[in-house]
Structures are given as structure tokens and as C-alpha cells.
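The values are calculated or read from the model by the stated rules, or taken from the named source; none is laboratory data. Given the structure is predicted, the values throughout are model-derived calculations rather than measurements. Quick reminder, even Gly has a Cβ in these numbers, built from the backbone with ideal geometry, and neighbours come from all protein chains shown.
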Amino acid sequence: MIKTNNIFKLRKYLQDFTLAEESDFFNPNSQHQTQIEFLNYNQQSYPKFINEFWTSRQRQATALHEISYRACFKPQLPHFFIRLLTESGEVVYDPFAGRGTTVLEAALLNRNIIANDINPISRILYAARLQVPKLSKLEQRLAEIPFEKTASANIDLSMFFHPDTEAEIVSLKNYLAERQQNGKEDLLDRWLRMIATNRLTGHSTGFFSVYSLPPNQAISPQSQRKINIKRNQQPEYRNTRALILKKSKSLLKNLFPATIQQLNEIGQRALFLTQDARFTDKIADQSVRLTVTSPPFLNVVQYANDNWLRCWFNGIQSEEVAHQLTMAKSLEEWLQVMAQVFTELYRITQKDGWLAFEVGEVRRGKIKLEEEIVPLGLQARFECVAILINQQTFTKTANIWGVANNAKGTNTNRIVIFRK
Ligand SMILES: C[S@@+](CC[C@H](N)C(=O)[O-])C[C@H]1O[C@@H](n2cnc3c(N)ncnc32)[C@H](O)[C@@H]1O
């Protein structure tokens, strides 16, 4: 267990970092040496540490994370900060939770959690995995749900589903809606809702739909029709019960009973919110030890469009969600929203607590959001500890072709670390 409770120790740790020392992150190809640059702002110098601090290949994350969501980060990212900056039982928060990567990883590491995301689909995806059911009970529940052979959707979904598959999906949708309305929804229902939401459309026979885009990408009925014509395909029947069980087994495959119990206890104590990250008054002042998050980036990702079918299945008005999501059209607008988010994060962070704020490379690295974020944190009265850039080492192919590893702008995570 690494415990870094002071800014200077943390900077030294990042400077001297070698992946080799971290047995579960060991990567023999890593360049090991941290490169250091500086960002100068307002006559102060802030160190930028560049290295391969974690890799996706070396340590397989728990399969429970494997629910797709647009612009999600890898579990290795929150794992790195949670282990470094918190101890068991401390509170970890994500104001832009998405599929819940931060909070799930925190719960797996025995931390308490708070999650928030303005998109209600987010909570459907993470909360069920913090109340894990027994597979045998799930199988029994699935068998009990009445499937109406003639049920059909109130919108045309024939480009995605065989009529028999559609009947099963609509039956499940109606059953879940009724259970929710009657206040009878339990952890089995929530799990089924999460899996079915994830299985609706995708690019393999593991999904309910005919071949489509991967499940985290937007696909309109019109585009799906075009795909069907191009591939000369028609939706075939899918056994939704069997697919739901298969995916459930796969998510749970490497979880020990003790871990499931830990997740369920932490899930029960957790606070889950569906609010604008700027206004989270249900979170007490100074209650969070560490926030690890990645905000919506300018208007590059249309979360509401991505989620129209998921919203339909869950009886959520996707236009309303679209309206509430932060979709800044310009950098200035984005910075204004984020400034308010920082003020709120400062309020809820404990004295000596931490904030790891991840931003992607936007417009092929032309806009360095991490540098824009530093003044916002300082204005909110945080101390800026460092900028950490996680960069994957050169792959063989990239070397052969002489391609700079980051030319495509997809290989780095840029995280600004603040302290209160
Ligand atoms: C980059 S994604 C986060 C992904 C997450 N790190 C994960 O691993 O799944 C940004 C999230 O911010 C949410 N969001 C957008 N505007 C918001 C706002 N004003 N308040 C709270 N959440 C918001 C979106 O719904 C989206 O889930």
C-alpha cells in the first residue's frame, strides 16, 4: 500500500516512478524514466510528469467493469489514484460517473463512494453492479417474467430486432416498469435492467440486435437501415434470457463471494445522485477524500443521442436528458461550467483531500484542456500539485512505421492533480 499524504512526497513519487516496482503494473517494455516539463502560470511553475504510470495490458481489471459507455476511462486510471491517495473506508467521489468506473473500482478497493451523473442511464448502469445478485436467483427470476409473444414496441424498431426478440424486449420493459411503479423493484430487477440496457444493440451475436455499431455508439434507425442494406442482413431471433444470463456470468466471473459482500455493503451505504455536478447539495461539506473524474468534453460527445434506445427501454425522455447535459459549444462556455464545478468540488472536499481531474486530448491536442483547468482549480482555492500524463510506450508497429505514438491523440490520459 502506498500512502502519499503530502504534495512533495507525491511529486517525488511521480518523478521516481517505475512501473517495475509496482508488481501488478509491471510492464517490461516500459521506458521507466519519468519525463518532467513545467507549466508556467502566474509566475508559478507546475510540474508535468510524463510516463507510463499504468497500462491496460499488464493487470486485467475485474470483469465487472465491462459495461460499455461512451468516453469511459479504463479502471486502471482511478485504481492508480485511489491506491495512491486514499485508505480503506475513505470516501471517493465521481461527479461525472458515466458507467461508474471510479466508484466501482473504489468499492472493489474497499473505499466508500459517492456517485453523480446527470444522465439517469448512468445510475442504471453502475448502481446494479453495487448490489450484485446470486446467479441462481437471477435465473429463477428470468424464468418467471411473462413474455408476451405478440408484444410490440410503440416505435418502429424492426430495423434492429426480429419481431420475436422485440416481443421479449417489450415484455421485459413492461415488467420492469410495472415493478418500479409498484415500488417492488429489487436488486434482481435492477440487475436485469442494467444488463438488458447494455445488450440492446451491438456488433456481435451477444446483443439483442442484428449487427450494428458497438453498444456505446449512436445509431439512428435510418443509419441502421443503411447498415442492413449494405450488409444484406435482416434481424434474426435472439434468445434474450440466454444472452442476459451469459453476460451476467461474464461480469461476475472473477468475483469472490467476499468481494461481492464488500461491494453490496459499500453499495448500501453509498450516495447516488442524478444532478448537475455544479449543484450537489446532498453531499455534505468536506466529506470527500478523493475525487477522480473526467468531465464531458466540449460538444464532442452527444450523450443523449447515444442513449435514445437505452432511454426508450427505461422509459426516460431522452430530449429532457439532452437538455440538461453540459454541451458547451466553445471552450469559454465549457470553462464557465467547469469553474462552477470546481467551486462545488472545493466545498465537498475534506481539508487535505485530493482531486484528480482527467481531460482528453481535444482537436488532436491543439487544445490542451489540462492547462486550461489549472487556473480554474487555483481560482477555486485548490493547490495545483501536478499534471500527470500517462503515455503508453511505443508499440512495435508504431516504431516500424516511424509513427509518433501520440500523433493520433488517443494514447494519453491527462490528469491535473489538486489538493485542498
Ligand atoms: C466523460 S463521461 C464520464 C465517463 C466516466 N469516467 C466513465 O468511466 O464511465 C462524462 C459524463 O458527464 C455526464 N454529464 C454531462 N454534463 C453533466 C453535468 N452538468 N453534471 C453531471 N454530469 C454531467 C455525462 O452524462 C457523462 O456520463
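General observations
- Filtering the range 360-382 to residues that are away from the ligand (no atom under 14 Å from the Cβ) and assigned to a strand (DSSP E or B) leaves only 367.
- Any hit, the range 61-68, residues being assigned to a loop (DSSP other than H, G, I, E, B), buried (at least 17 other Cβ atoms within 10 Å of the Cβ) and touching a Lys or Arg at 6+ places or on another chain (Cβ under 6 Å): yes
- Looking across the range 50-93 at every residue that is out of contact with any Asp or Glu (no Cβ under 8 Å at 6 or more places or on another chain) and among the charged types (D, E, K, R), the one that is modelled with the highest pLDDT is identified as 90.
- Residues that are among the hydrophobic types (A, V, I, L, M, F, W, C) and touching a Leu at 6+ places or on another chain (Cβ under 9 Å) within the range 347-363 comprise 354, 355, 356, 357, 359, 362, listed in sequence order.
- Residues in the range 196-239 that are among the acidic types (Asp, Glu) and more than 12 Å from residue 162 (Cα to Cα): none.
- Some residue of the range 411-419 being modelled with pLDDT of 75 or more, over 24 Å from residue 76 (Cα atoms) and touching a Phe, Trp or Tyr at 6+ places or on another chain (Cβ under 8 Å): no
- Unmet criterion (only one of (1) within 20 Å of residue 353 (Cβ to Cβ); (2) more than 15 Å from the chain's Cα centre (by Cα); (3) part of a loop (DSSP other than H, G, I, E, B); (4) not polar (S, T, N, Q)) for residue 83: (3)
- Subset of the range 101-112 that is out of contact with any strand residue (DSSP E or B) (no Cβ under 6 Å at 6 or more places or on another chain) and either in a loop (DSSP other than H, G, I, E, B) or among the hydroxyl-bearing types (Ser, Thr, Tyr) (or both) - its residue that is farthest from the ligand (Cβ to nearest atom): 110
- Among all residues of the range 35-49, there is none that is more than 8 Å from the ligand (Cβ to nearest atom), farther than 21 Å from residue 8 by Cβ and buried (at least 18 other Cβ atoms within 10 Å of the Cβ).
- In the range 330-359, residue farthest from the ligand (Cβ to nearest atom) [restricted to those that are touching a strand residue (DSSP E or B) at 6+ places or on another chain (Cβ under 7 Å), touching a residue at least 60 places away in the same chain (Cβ under 8 Å) and not in a strand (DSSP E or B)]: 348
- Screening 111, 141 for residues that are assigned by TED's automatic domain parsing to the domain that holds residue 355 and modelled with pLDDT of 95 or more leaves exactly one candidate, 111.
- When residues of the range 238-279 are limited to those that are touching a Phe, Trp or Tyr at 6+ places or on another chain (Cβ under 9 Å) and in a loop (DSSP other than H, G, I, E, B), the one farthest from residue 205 (Cα to Cα): 277
- Single residue of the range 170-220 satisfying the filter (in a helix (DSSP H, G or I) and among the charged types (D, E, K, R)) that is nearest to residue 70 (Cα to Cα): 199
- Yes/no for residue 286 being surrounded by fewer than 21 Cβ atoms within 10 Å (Cβ to Cβ), under 18 Å from the mean Cα position of the chain (by Cα) and at pLDDT 95 or above: no
- Residue in the range 153-164 that is in contact (Cβ under 8 Å) with a residue 24 or more places away in the chain, more than 16 Å from the ligand (Cβ to nearest atom) and in a helix (DSSP H, G or I) present: yes
- Leading residue by the ranking (farthest from the ligand (Cβ to nearest atom)) among those in the range 118-133 that are more than 20 Å from residue 177 (Cβ to Cβ) and in a helix (DSSP H, G or I): 130
- Lone unmet requirement of (1) of a type in the set (S, T, N, Q); (2) within 15 Å of the ligand (Cβ to nearest atom); (3) not in a strand (DSSP E or B) for residue 286: (2)
- Residue in the range 79-99 that is more than 16 Å from the ligand (Cβ to nearest atom) and without any contact (Cβ under 8 Å) to a residue 60 or more places away in the chain present: yes
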